[in-house]
Amino acid sequence: MTAHRSTRVVIVGGGPVGLSAAMELTHHGVPCIVVEPRVEVSYLRPRAKTTNARSMELFRRWGVTDEIHRRAPMSPDWSKDIVFCTTVTGREITRIPGVLGLGLDPEDVSELGQQAPQPIVEDVLRDALAAAPTAELLLGWRGVSIEQDDEGVRVTVEDAAGAASVISADYVIGADGPSSMVRKGMGAVFEGSSLSRPNVSITFDSRELGDLIPFGNAVQYWVLNPAAPGIVGRLDMDGRWWAISTAGEGAAAAAEADAEGAVRELLGSDVEVEVIAVDPWIVRTLIADRYRVGRAFIIGDAAHMNPPWGGHGFNTGLGDAVNLSWKLAAVIDGWAPDDLLDSYEGERRPVAQEFVASAAENGRTGPTRLATAEIMGDEADFERARPGVADLIQEFKRIEFRSDGMVLGVGYGGRAAEQTTDGSDYSPVAAAGNRLPHRRLSGGTSLFDRLGPELTVIGSADDARELLADAAGRGIPLTLVDEPAEELAAFFGARLVLVRPDQHIAWIGDEAPAAEATRILDRAIRGFR
């Protein structure tokens with residue numbers, strides 16, 4: 001075994017979350033190596049289908065959103081609805097509009113959500129990292145073990161032939177999924193449960209199907225046929241679709257054995273289909289008991305397993321990646337103390353707990369629970385049953401698909417809950433720990449585009465003078481966004497706003513005299529716990 005190379009951060013796992021960690025480190029100029037066994041990204045088993053608005057805002061900081069939009073098979077305007085139906089070619093029961101951040105007011109965000117299957121996002125990030133001088137993609141390799149001491153970490157990796165090498169680094173990030181080697185090497189364990197009820201995901205081709213759907217375009221079609229409940233949606237405009245059969249244990253085995261038959265039952269038609277891939281899975285609600293041990297950290301599915309209901313899994317993992325990686329960069333670059341890294345778990349683990357609990361609750365009213373035999377009858381039976389079923393859907397599923405308050409209202413300072421009544425609505429509150437409320441400047445420019453790569457203070461140069469002087473004296477990078485105090489006070493309720501690299505407010509107030517500037521910046525470079 002020979003030393004392979006050294007870097008500042010090793011990221012074990014190059015899915016979208018691991019790649020996002022590398023992008024954030026690259027954004028701050030920190031060298032990193034991503035270790036990933038897959039040489040190519042497979043499009044056969046697409047998982048996350050929609051990247052929410054908050055994730056797109058974070059992507060925008062790296063300059064990749066234009067490419068994601070370009071490669072995405074459907075524009076955000078193609079559909080913003082979830083349709084609930086008897087079958088995909090049958091009768092519509094009800095619909096929920098403006099879902100998954102696709103229907104947000106453009107004034108409230110710098111980016112809207114985007115329908116873009118996970119493989120597209122992965123390839124965009126891979127291409128961006130391949131062009132970055134400080135990042136290296138070590139494709140075809142897998143992480144085997146980690147060792148660490150006060151001086152650094154050593155990650156043993158193997159290529160496809162089993163040849164082993166060692167990468168030395170300051171830190172290691174485990175983005176290596178549910179069976180994470182890094183999590184096990186840290187001695188961290190999952191807490192929670194897995195449901196025995198299986199589901200079957202199916203990717204299939206059908207060029208005819210789109211013309212047979214009687215109720216128009218939808219992000220997802222929820223099929224509430226008790227004999228064949230599930231979900232169907234488009235992957236592109238060329239006839240590729242995805243489906244999930246949720247019928248249960250015996251039916252899951254049958255769906256896996258006869259995927260074409262399972263798809264036709266969901267469609268309610270004998271339309272010609274070609275099955276591309278079949279993927280059985282079970283719901284897991286798991287969170288690691290710790291996110292950091294020394295120089296080792298875990299993010300994404302290595303740290304928490306979110307049920308898919310609500311689409312928060314990948315997006316939560318992206319939030320982990322950005323939160324941890326800007327902090328690692330700050331410590332490595334020397335402008336923040338090591339204990340800033342302790343705030344990663346304190347900030348992100350409660351977020352995972354909230355989203356895992358919400359997804360589990362959403363799962364209790366999946367297609368199987370909402371399905372009823374009455375709506376499958378003749379026209380008269382359907383019309384009698386439809387209002388009651390529609391009311392249940394609107395009551396129990398609205399927050400699953402209209403979770404703007406949860407997504408944009410993530411906060412770390414204790415005032416996040418003030419931004420929403422039930423998780424669906426969002427009323428931004430300018431408070432320490434919360435996402436910076438978005439606004440459009442003159443000419444339509446996003447305020448977020450004016451923020452610096454590290455800390456930013458928004459306010460007049462005169463009001464921010466002591467903060468800027470203290471930061472300069474201590475080597476803390478601080479960008480000034482010079483805005484008139486009166487306009488700031490009208491929008492934010494304060495004359496000064498100090499913003500972290502992840503677009504969350506570190507401090508907000510009317511003045512920062514010399515006696516307070518050091519304390520304010522000290523708090524900003526230690527995070528919320």
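The values are calculated or read from the model by the stated rules, or taken from the named source; none is laboratory data. The shown structure was predicted, so the numbers you read here are calculated from the model rather than taken from an experiment. Neighbour counts are summed over all protein chains in view; Cβ atoms, including those assigned to glycine, are modelled from backbone coordinates with ideal geometry.
In table form, for the structure just shown:
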item: Helices (runs of 4 or more DSSP H) completely within segment 426-529 that count 3 or more residues being under 23 Å from GLU345 (Cα atoms); result: 514-524
item: Those residues of segment 411-428 which are of a type in the set (A, V, I, L, M, F, W, C) and either in the same structural domain as VAL322 (by TED's automatic domain parsing) or closer than 17 Å to THR316 by Cβ (or both), in sequence order; result: ALA416
item: Condition check for SER427: surrounded by fewer than 17 Cβ atoms within 10 Å (Cβ to Cβ) and closer than 22 Å to LEU480 by Cβ; result: no
item: From GLY294, GLY319, residue being among the small types (Gly, Ala, Ser), modelled with pLDDT of 95 or more and over 21 Å from the mean Cα position of the chain (by Cα); result: GLY294
item: VAL172 being assigned to a strand (DSSP E or B) and either out of contact with any strand residue (DSSP E or B) (no Cβ under 7 Å at 6 or more places or on another chain) or modelled with pLDDT under 95 (or both); result: no
item: Set VAL35, VAL10, VAL17: member being modelled with pLDDT of 95 or more and either touching a helix residue (DSSP H, G or I) at 6+ places or on another chain (Cβ under 6 Å) or surrounded by fewer than 21 Cβ atoms within 10 Å (Cβ to Cβ) (or both); result: VAL17
item: Contacts under 7 angstrom Cβ, first residue in segment 136-155 being more than 15 Å from ILE173 (Cα to Cα), partner crowded, with 21+ Cβ neighbours inside 10 Å and charged (D, E, K, R), 6 or more apart; result: LEU139/GLU36
item: Test: residue in segment 239-255 that is crowded, with 20+ Cβ neighbours inside 10 Å and either part of a loop (DSSP other than H, G, I, E, B) or at positive phi (or both); result: yes
item: Qualifying residues in segment 464-506 (those that are over 25 Å from TRP62 (Cβ atoms) and within 31 Å of the chain's Cα centre (by Cα)) - the one surrounded by the fewest Cβ atoms within 10 Å (Cβ to Cβ); result: GLY493
item: Segment 137-183, residues that are surrounded by 21 or more Cβ atoms within 10 Å (Cβ to Cβ) and of a type in the set (D, E, K, R); result: ASP176, ARG183
item: Flag for PRO106 being within 20 Å of the chain's Cα centre (by Cα), more than 21 Å from PRO178 (Cβ to Cβ) and assigned to a loop (DSSP other than H, G, I, E, B); result: yes
item: Selected residue (only one of GLY433, GLY414, GLY452, GLY443 is touching a strand residue (DSSP E or B) at 6+ places or on another chain (Cβ under 7 Å) and either on the phi > 0 side of the Ramachandran plot or buried (at least 17 other Cβ atoms within 10 Å of the Cβ) (or both)); result: GLY433
